[in-house]
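These notes concern the structure reproduced below.
The values are calculated or read from the model by the stated rules, or taken from the named source; none is laboratory data. Predicted model only: the values in this text are computed from it and were never measured. Note that we place each Cβ from the backbone using ideal geometry, even for glycine, and neighbour counts take in every protein chain shown. Please note that ligands, DNA and RNA were not included when accessible areas were found on the heavy atoms of the full protein model with its side chains. Shrake-Rupley method; radii C 1.70, N 1.55, O 1.52, S 1.80 Å.
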Amino acid sequence: MEPLKVLVITYYWPPAGGPGVQRWLKFCTYLPENGIEPTVYIPENPTYPIVDEGLLQEVPKGIKVLKHPIWEPYGLGKRLGKKSTKTLSKGIIDENPSLLKKLMLFIRGNFFIPDARKAWVKPSVKYLKDHLKEQHYDIIITTGPPHSVHLIGKQLKEALNIPWLADFRDPWTTIGYHKSLRLLPWNAKKHKHLEATVLNTADQILVTSPSTKKEFETLTKQPIAVITNGYDTSNKPSKQLDLDRQFSISHIGSLLARRNPESLWKLLGEFCKADEAFKKDLKLVFAGVVADEVKISLTHHELSEHAEFKGYVDHSEAIVLQHQSQLLLLLEINAPETRAILPGKLFEYMMARRPILAIGPEGSDIKQLVEESGSGAFFNYKQLHEDYLGAYILNAYKSYKNKSLALQNKSIEQFDRKVLTEQLATVLKSETLARHRPS
């Protein structure tokens, strides 16, 4: 039986680093085992905010990769401010941006709709139309953000009537930083219009969380499937790693100002003052970009001497840090629009089998996953002002002192990348997409 042929259109691909690359890198790795042959289309000269050369070793051997040039505005932005441009390209927006950053946000939000990669749409459609006339594909797949990639899929669908699956790794108009783009009213409406058009043109929609599915169901009648992010056992360290000797609490990934858990730092500072042993044992590990506001908070609560800032680390080193830490810290912004976010590192935290201390908004999808899998504890921001968080930390510290700080996860196998790819294959082979294929 001939394999199903799919064309995956994505901006992020190795050597891009960060969480955005992992989902489709892993799907493309395991799709052939499920009778599906992927070809990947990517930009030839992208401005990736994070580069991880080590991920090139994880690209499946023999996979066909198509490339076409892209123009991005970040080169122009560097003339205004290199640091500002780099953080904006990562989606990092300061709590109190400077006048320069406010200007850059206004330009980014109002002149580059839906995003700064919009210039790739027109040349990509032209290039892929020619390619699709020569090569047969059963399905086109687009994955965003950047959500401009979905506009490529939309135009190809309309021109060639090929079945199209749109994968949303994050929401579009309700993503956390969208309100910070300083959109003029008519441009905010344009975003909404583009979002609705994509959702109602795609034959199948894929999302990463139940809350995003509920949100999109109010905007479209098209079928929506939930396939979360996950972990890949092939990335697991080959041998058992020794745990940190200190009581380490580690945060892996960017820690933005709006995720700053002030109440947590206050508690830890108070515990250090009250208990000399706790003060000696505590270590805070940060791997990734850390906002200045977070560092100021740590200093204010006299925790700077406990903090270790590693900067960005490659994916393999991040995995090692997760397996060696006593506690793994997961933080999400306290806002209704972040309830749907299930960050990729949550699943890698699960694979590490170290207790997770998760803090997020009330009603977050994170809570259900952490608690049902027995992977740790979730606290909403209201609970930070009560005794629950302090009790949890002190109990964890007591277990650490007794060398018994561990957990036995339940049912995390469902988040294995191979299992998730099997779910994707079922969607791709479904009647929903089959009936849209030209006969």
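No other residue among 293, 276, 337 is under 28 Å from residue 404 (Cα atoms) and either of a type in the set (Asp, Glu) or at pLDDT below 95 (or both) apart from 276. The conditions are (1) closer than 24 Å to residue 370 by Cβ; (2) free of Cβ contacts under 8 Å to residues at least 40 places away in the same chain; (3) buried (at least 17 other Cβ atoms within 10 Å of the Cβ), and residue 269 fails exactly one of them. Which is it? Here residue 269 meets the rest and fails (1). Only residues that are outside any helix (DSSP H, G or I) and either farther than 30 Å from residue 270 by Cβ or not polar (S, T, N, Q) (or both) were counted in region 301-328, giving 13. When restricted to residues that are in a helix (DSSP H, G or I), at pLDDT below 70 and open to solvent by less than 60 Å² (accessible area, probe 1.4 Å), region 72-106 contains 8. The residue list 391, 396 contains one member that is farther than 23 Å from residue 207 by Cβ, in contact (Cβ under 8 Å) with a residue 40 or more places away in the chain and more than 26 Å from the chain's Cα centre (by Cα), which is 396.
Out of the strands (runs of 3 or more DSSP E) lying entirely within region 163-266, which hold 2 or more residues that are within 17 Å of residue 346 (Cα to Cα), of a type outside the set (D, E, K, R) and under 21 Å from the mean Cα position of the chain (by Cα)? Show your work before the answer.
On the way: elements: 164-168, 204-207, 224-226, 247-252.
Result: 247-252.
Looking only at region 107-162, which residues are of a type in the set (Phe, Trp, Tyr) and either under 26 Å from the mean Cα position of the chain (by Cα) or open to solvent by 50 Å² or more (accessible area, probe 1.4 Å) (or both)? The answer is 111, 112, 120, 127.
Candidates are the residues of region 35-59 that are in a helix (DSSP H, G or I) and open to solvent by 30 Å² or more (accessible area, probe 1.4 Å); the one that is farthest from residue 128 (Cα to Cα) is 54.
The condition (being of a type in the set (A, V, I, L, M) and under 20 Å from residue 169 (Cβ atoms)) is satisfied by just one residue among 396, 377, 352, 335: 335. Within this structure, residue 259 passes the test of being touching a strand residue (DSSP E or B) at 6+ places or on another chain (Cβ under 8 Å) and open to solvent by 40 Å² or more (accessible area, probe 1.4 Å). Annotation note: of 220, 208, the sole residue that is touching a residue at least 24 places away in the same chain (Cβ under 8 Å) and surrounded by fewer than 20 Cβ atoms within 10 Å (Cβ to Cβ) is 220. If you filter region 369-387 down to residues that are assigned to a helix (DSSP H, G or I) and within 15 Å of residue 356 (Cα to Cα), you find that the one that is least open to solvent (accessible area, probe 1.4 Å) is 370. Suppose the filter is acidic (Asp, Glu), more than 23 Å from residue 269 (Cα to Cα) and in contact with a Ser or Thr (Cβ under 8 Å, 6 or more places away or on another chain); does residue 337 pass it? For residue 337, the condition - acidic (Asp, Glu), more than 23 Å from residue 269 (Cα to Cα) and in contact with a Ser or Thr (Cβ under 8 Å, 6 or more places away or on another chain) - is met.
For region 238-255, taking the residues that are in contact (Cβ under 8 Å) with a residue 60 or more places away in the chain and open to solvent by 30 Å² or more (accessible area, probe 1.4 Å), the one that is nearest to residue 59 (Cα to Cα) is identified as 254.
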